[in-house]
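Notes follow once the structure below has been shown.
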Amino acid sequence: MKNLQDIKNIQGKRVLLRLDLNVPVIGDAIRNDFRIRRILPTLAYLKEKKAKTIIVSHIGDDNVTSLEPVIANLSKLYTISAFVQNIPDAPTVISKMQDGDIIALENIRKDPGEKENSPRLAAFLASLADIYVNDAFSVCHREHASIVGVPRLIPSYAGLLLQKEIAALTEAFKPPRPFMLALAGAKFDTKLPLVEKFIDIADDVFIGGALANDIFKDKGYEVGISMVSSHPVDLRSVIQSPKLILPSDVVVENQYGGGTKSANAVSPYDRILDAGIRTTTELGDMMHDMKFVVWNGPLGDYERGFSKGTIDFGQDIIDAGTRCVVGGGDTIAVLDKAGMLDKFSFVSTGGGAMIEFLAQGTLPGIEALDK
């Protein structure tokens, strides 16, 4: 795979830079600018090298939401010469760019051809630039026009952030030992391939969050009205492994209030919402011996205020000085709000992309650059 630094002379070249600026926005305010902060080194590199940078990104999962407030926020850090609301107008705007200029296109998902991987849209985007740079690891699992279509048409390179993501996550395939995979959150059907793969690779596999509820249920434990998978998932290969670690106690809520219970003492009226203090204490003790942890997913329902398990586990990792690669949008939201992100070895911008890369060893967006 060719990297951005491999380009010998980039001054004056038109660079189509695929970023992920899909950040939470309320009104015109950015709720979490983590992904914006992570792409700044690539923008700085291109500006210093006097490239003509054309940002293409998306926001939301619709064809309505505008990137304008996000670009306005980015403009506080780097001067954005123009925001192209009507993407077909891009050639005219680009023709007026000076060396070192940065412009941004409107939400590329406003064009249905993006998700369809339309050859028409890919050809149009490729026509805007001399070079394509992908720095959007978090959407590299999507076979979209701006991810896999454009690299087939013009010289393509990996951005600085994409390079770091691949290097950090690849370490999990031949990790320092002892090594733990910690997986939480929900949607076991999408994460099962990862668990099945790392049951063989890891020394320990901790399953928490709503994922643990499925295993509790299969083990015959009462889970009350807790979240479980909407359709059956075959967990036999996971449950039978001696490497599997589950929460020993859980925080529950019911019509009478709530509290902490042993995992095997949940009532039919309880809803499991977080890992208990005994669980995080046990995990914390393990961290002192652990050499490497890959962690994706919050241990509790943080949107309802149940973030203590996630924060305590994160603090245990930090206090033990354990090397840790952490990712997942919900996990990042909790840790960022707690002011902990810069204390981890590496923080991935990927959620689904991180899960799929670890499970498959590659992603469509990376394969497109390789070819």
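The values are calculated or read from the model by the stated rules, or taken from the named source; none is laboratory data. Remember, predicted model here, so these are calculated numbers, not experimental data. All Cβ positions, glycine included, derive from the backbone under ideal geometry; neighbour counts span all protein chains shown. We work out accessible area using only protein heavy atoms, side chains counted, and drop any ligands, DNA or RNA first. Shrake-Rupley method; radii C 1.70, N 1.55, O 1.52, S 1.80 Å.
Send over a whole-number figure in Å² for the accessible area per residue of the range 255-358, probe 1.4 Å.
Per residue, the range 255-358 has 42 Å² of solvent-accessible surface.
Given a cut-off of 29 Å, name the pairs among LYS174/LYS343; LYS47/LYS174; LYS13/LYS191 whose C-alpha atoms lie farther apart than that in the structure shown.
Over 29 Å apart, Cα to Cα: LYS47/LYS174; LYS13/LYS191.
Rank ILE201, ILE215 by accessible area, highest first, at a 1.4 Å probe radius?
ILE201, ILE215
Quickly estimate the mean residue ellipticity at 222 nm for the chain, helices only: each DSSP H run with n ≥ 4 gives -39500 (n - 2.57), and the total goes over all residues, rounded to 500.
One gets -9500 deg cm²/dmol as the mean residue ellipticity at 222 nm.
Of the options PHE198, SER230, PRO242, report the single residue whose Cα projects farthest towards the positive end of the charge dipole of the range 193-256 (beta-carbon charges: Lys, Arg +1; Asp, Glu -1).
SER230
Determine the per residue accessible area of the range 68-140 with all protein chains present and a 1.4 angstrom probe, expressed in square angstrom.
Value returned for the range 68-140: 40 Å² of accessible area per residue.
Under 37 °C and 0.692 mPa s, how fast does the chain diffuse according to Stokes-Einstein, given a Kirkwood radius computed over C-alpha pairs? Answer in µm²/s, whole number.
Using the Kirkwood radius from Cα pairs, D works out to 151 µm²/s.
Quick check: at a probe of 1.4 Å, how many percent of the accessible area of the chain sits on carbon and sulfur atoms?
49 percent
Calculate, in nm to one decimal, what HIS231 and LYS187 gain on full extension: separation in residues at 0.36 nm each, minus their alpha carbon distance.
14.8 nm
Label GLN360 and ILE239 with points 7 Å out from Cα along Cα→Cβ: what is the distance between them in nm?
2.9 nm
So what's the gap between the Cα centers of the range 176-192 and the range 237-258, to the nearest angstrom?
So the separation of the two Cα centres works out to 15 Å.
Please work out the FRET efficiency for the pair LYS76 and PHE346, using the Cβ-Cβ distance as r and a Förster radius of 35 Å; give the result to the nearest 0.05.
The computed FRET efficiency comes out at 0.85.
How many nm separate the modelled label positions at GLU68 and LYS291, each set 7 Å beyond the Cα in the direction of the Cβ?
According to this spin-label approximation, the distance is 5.4 nm.
Can you put ARG152, ARG120 in order of accessible area, largest first, using a 1.4 Å probe?
Putting ARG152, ARG120 in descending order of accessible area: ARG152, ARG120.
Report the gain in length on full extension from ASP370 to SER267: 0.36 nm times residue separation, minus Cα-Cα distance, nm rounded to one decimal.
Stretched out fully, the ASP370 to SER267 stretch lengthens by 31.8 nm.
Can you compute the charge dipole magnitude of the range 139-269 about its Cα centre, using +1 on each Lys and Arg Cβ and -1 on each Asp and Glu Cβ, nothing else charged? Give it in debye, rounded to the nearest 20.
280 debye
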